[in-house]
1. Across the stretch 226-243, in residue order, what do the Karplus-derived ³J(HN,Hα) couplings come to in whole Hz, using 6.51 cos²θ - 1.76 cosθ + 1.60 with θ = phi - 60° and x for Gly and Pro?
2. Along its principal axes, what span do the Cα atoms of the stretch 184-325 show, with the longest given first and each in whole Å?
3. Report, as a whole number in µm² per second, the diffusion coefficient that Stokes-Einstein gives for the stretch 261-340 at 37 °C and 0.692 mPa s using the Kirkwood radius over alpha carbon pairs.
4. So, in nm, how far is label Phe163 from label Leu418 when the simple model puts each one 7 Å beyond its Cα toward the Cβ?
5. Let me know the charge dipole size of the chain about its Cα centre in debye, to the nearest 20, where only the beta-carbon of Lys, Arg (+1) and Asp, Glu (-1) is charged.
6. Could you tell me how many degrees, from 0 to 90 and to the nearest 10, lie between the Cα long axis of helix 302-316 and the main elongation axis, the longest principal axis, of the Cα atoms of the chain?
7. Over the stretch 196-444, with a single point scatterer placed on each C-alpha, what log10 of the ratio I(q)/I(0) does the Debye formula yield at q = 0.09, 0.10 1/Å?
8. Please rank Thr421, Thr154, fewest neighbouring Cβ atoms within 10 Å first, as an exposure proxy.
Amino acid sequence: MNITLPVHHDAERIVLGRMMNSINCVNAVYENLEESDFSIAEHRALFKAGYCLFSKDRKIDAISLLAETQKLFPEYADISLINGLQTYTFGISGYMQYIEIVRDHSIARKTILFCKEMMDNASGAKLNTEELKNKFLADSEELFKTLGGRNSRTLTEIGAKNFKESGKSFLEYVEWKQQQARDGKNTIEGHLTGYPLLDNILEGFNKKHYIIIGARPGVGKTTFVLNLINRLFKRGKKVGFFSLEMDADTLLEKYACVAAGVDHKTLSRGEGLTPDMYQAVVKEYKNVGDKIIVDDQANLPLSQVAARAKRWVLADGVDVIFIDYISEVKGDGRFTNKQEEIQHVSKGLRAIAKNLNIPVICIAQLNRQSEISDRLPVKSDLRESGQIEADAHSILLLHRDEDKRPGMMSVIIVKNRLGQTANIDFTFDGPTGRIEERGFYGKDLRLESLDNDPEFFKRRD
C-alpha cells in the first residue's frame, strides 16, 4: 500500500518568509517548530541557518540568511529560493496559523513513518516482544512530546482550573484543604508509607518527586525499601521495582519474610518453620497478587528503564517506582568517567518521575570515605554526589551501629524540599528484616499522637 506523505510547501515558505519581516514570528517559529518539521532539505537548511543568526541576536533578512546558509550549507545556498521567500513577507496576515499547518503536516508524516517502521519490525520479526513494546513506547513518546501545547503559562492560567489535578481552581483547592483540616482529615498529598513521622516530614511520597535512599553496604537499604513497598501495598498502592542488583527469587524470599515476620534463614532452609509461620507466608504471598511488579534484568540502560516504567504506569497502573540501585542503571551513550554517567542517569530518573507523574525512589551507595570515621553519614558521602544532590527532592541516609545501638536504624533526612530535615529512629529486626518507626533520634518513648492513633491513616486512606 502506497501512502503519500502529507506536505505543505507553501506554508513552510510563508513561515520562512515571515521570519525575515517579524521578530515575533521568529520567536514563535523557534518555540514551536524544529528542523525535522520541514519537509525538504532546502527548507531545513534555511531554518537552521536562521537559528544560528537568531542565537547570535542578529537580524534575519535575505542577505544575512544567504550568507549564513553559504557558510553552513553551501549546497542549499540558493539565492533565487531566498529571494522567492521575500514575496511572503508582506500581504500575509498573521503567522501562527501557518506555523500550525507546518507542525500538523509534520506530525502526520512522522506518525505515518512511525507506524510503517513498527509494522516492518512486527511483520519481519526483527524484534522480540519486549523489544517491540519498549521501542513503541520510547518512539511514540518522542513523536508526541510536543503535542501538549505551550509550556509557558501565567500563574493566573496555572491556577485557573484543575490545580494539582484536583479538578478545582487554585483558590477552590485552598478552600477545600481548609475544610479538610477543619473536619480533622489528613491533608497530606503524597502516598503514605505508614511511618507517621516520615510521612509528616516528607508529606508522603509525592508525585513527580525523585527521592534518594543512601547507605553504606550492609546497612539495610534494600530491606528498608522492601518495608516501604509492603506498607504501600497494604495501603492499596501498586508498586514497580527495578531490582537491578538482587535476583527476583531472592527478592521474593526477602519480601515474604518482611511481610510475614518470618526469619529469612528459617524460610530459606525450612528448618524450624512452624505451621503458623508457613501460613503467614502463604497469606502474604497470595495477598500480593499483581500489586508488586519486579524487573530484575541487570545492566538496564536508562532508555529501557524509562520505557518499561512508562508501560508499568500506563498499562499496569503503577503508583510508585523503586530502583535498586542508581549505579546499576547504564547511561545511554559514551561517557568519559562514571561520574559523568551518573549525572546523566540521575537527570533521566528525575525526568521519569516528572513525565510519568509518579514518585521515583532510588537506592544509592555511599562512598568509602563515609566509613573512615565513626560518624553519621552526610549528603557529600553519596557517590558522585553533586548531581544526585541537586536533582533529588528528598535524600534519606540510613545508619546502623550494632555495637553502640543494637537493633536500631537511623533514617536521616538530609534534604527535603517540602520542609524540615530530621533524624528518625527505627527498630531493625535483622532475622525478619522488619523495620518499625520508634521516634525521633535518641528518644526511647513510643510515639503517642500518631503511632497509636489508628484513625491517622484511616482519615487519609
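Values in this text are rule-based calculations from the coordinates and carry no lab data. Bear in mind that the values here come from a model prediction, so they are computed numbers and not experimental data. A quick note on method: Cβ atoms are made from the backbone with ideal geometry, for glycine too, and the neighbour counts reach across all protein chains shown.
1. So the Karplus estimates, Gly and Pro as x, are 5, 5, 4, 4, 4, 5, 5, 4, 5, 9, x, 8, 9, 10, x, 10, 8, 9 Hz.
2. Principal extents (largest minus smallest coordinate, Cα): 46, 45, 34 Å.
3. On the way: Rh = 16.0 Å.
In µm²/s, the coefficient is 206.
4. It is 1.7 nm.
5. On the way: 64 positive and 66 negative charges, 141 e Å.
Once rounded to the nearest 20, the dipole reads 680 debye.
6. Relative to the chain, helix 302-316 is tipped by roughly 80 degrees.
7. So the normalised log intensities are -0.38, -0.47.
8. Numbers: Thr421 12, Thr154 8.
Listed from fewest to most nearby Cβ atoms, that is Thr154, Thr421.
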